[in-house]
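Every number in this text was worked out from the coordinates using simple rules, so none of it is lab data. No experiment lies behind these values; they were computed from the predicted model shown. When we count neighbours, we look across all protein chains shown, and the Cβ atoms used for this are built from the backbone with ideal geometry, even at glycine.
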Amino acid sequence: MENQVIDLVDTHTHLTDEKFAPDLAETIARAKAAGVRRLINMGDTLASSSLAVELARRYEGLYAGVGIHPEELCELTGDREEKLFVLAQEKKVVAIGEIGLDYHWEKDEERRQGQQKLFIAQLDIARQLRLPVCIHDREAHGDTLAILKKEGRGLRGVLHCYSGSPELAQEFWRLGFFIGVDGPLTYKNAAKLPEVVQKAPRDMVLIETDAPYLSPVPHRGKRNEPAYVRLVAEKLAELWEVSLPEAAQITTRNAEALYRL
Ligand code: NI
């Protein structure tokens, strides 16, 4: 069994983070050695989006998402909007992301409305450019769902680092949105996530690392990296009662379908 060829995609990572500056090439090489042949680097500001595009140009197997994260709240007008549009049309840009709502860190009602506006503006760009979206939803499930129902027509995407209930997941699947799972799936306190994954239609699940954050067990608490998406795939295989190569094949097919890799 050993030496089975597996082909994984880390659908959400942040190699633009300064934590990878000292050993970026080695990190990518370790990912490839672990069977992670393709990676999608998500931007969270215009600067990191631009860097993600640059890295995608430089490394084979690297793709980019471009977008402004809700924690980087700003108004998407003028130059800024123009710049995002230009970046989004670059070769190897496969998504608008990561975008969304974060009510964990933002308690101010007016600023939350600002996040909603920024989110909707970026959904609009995705629609115009026919790109899928990668969504960050932290403690903002109700508004995320409401916005996707109202403003998400014609869009496809993923609820990255899914943290909601099985019932909510059904709603997103019904809208045609995937869920993305990462390190927390391997945690003892994973709460409802294993149940969500077990109930999930297999063609609606993506795997990711969100590196450098959320390292899967046994690396929890240390820097995460794309090679560890294999540990997420192993946990998924266990929950689905399939082999690792099978879980890899299913999730890779899903990533290819959503992001047209
Ligand atoms: Ni992320």
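For the reader, a short list of remarks on this structure follows.
- Convex hull volume per residue for segment 33-182, taking Cα atoms only, in Å³: 114 Å³
- Stokes-Einstein translational diffusion, the chain - Kirkwood Rh over all Cα pairs, 1.002 mPa s, 20 °C, in µm²/s: 118 µm²/s
- Exposed loop sites here mean GluC sites (Glu not before Pro) with a DSSP loop assignment and at most 10 other beta-carbon atoms within 10 Å; the chain contains its longest site-free run at 61-240.
- Cα-based reach from Lys235 at 19 Å (exclusive), listing aspartates and glutamates while leaving out same-chain residues under 8 positions away: Glu2, Asp7, Asp10, Asp182, Glu195, Asp203, Glu208, Asp210, Glu225, Glu246
- Radius 13 Å from Cβ of Glu54, net charge of other residues (Lys, Arg +1; Asp, Glu -1): +3
- Taking amide H as placed 1.01 Å from N in the peptide plane, Arg37 has its amide H under 5 Å from the amide H of Leu8, each at least 5 places away in sequence or on another chain.
- Loop-located trypsin sites (Lys or Arg not before Pro) in segment 171-261, at most 10 other Cβ atoms within 10 Å (DSSP): Lys188, Lys222
- Taking each residue as 0.36 nm, the span from Ser165 to Arg127 lengthens on full extension beyond its C-alpha to C-alpha distance by 10.9 nm.
- Taking label positions 7 Å along the Cα-Cβ direction at both Gln113 and Glu151, the computed distance is 1.4 nm, reported to one decimal.
- For segment 72-170, the set of chymotrypsin sites (Phe, Trp or Tyr not before Pro) satisfying both a DSSP loop assignment and a count of at most 15 other C-beta atoms within 10 Å is given as Trp105.
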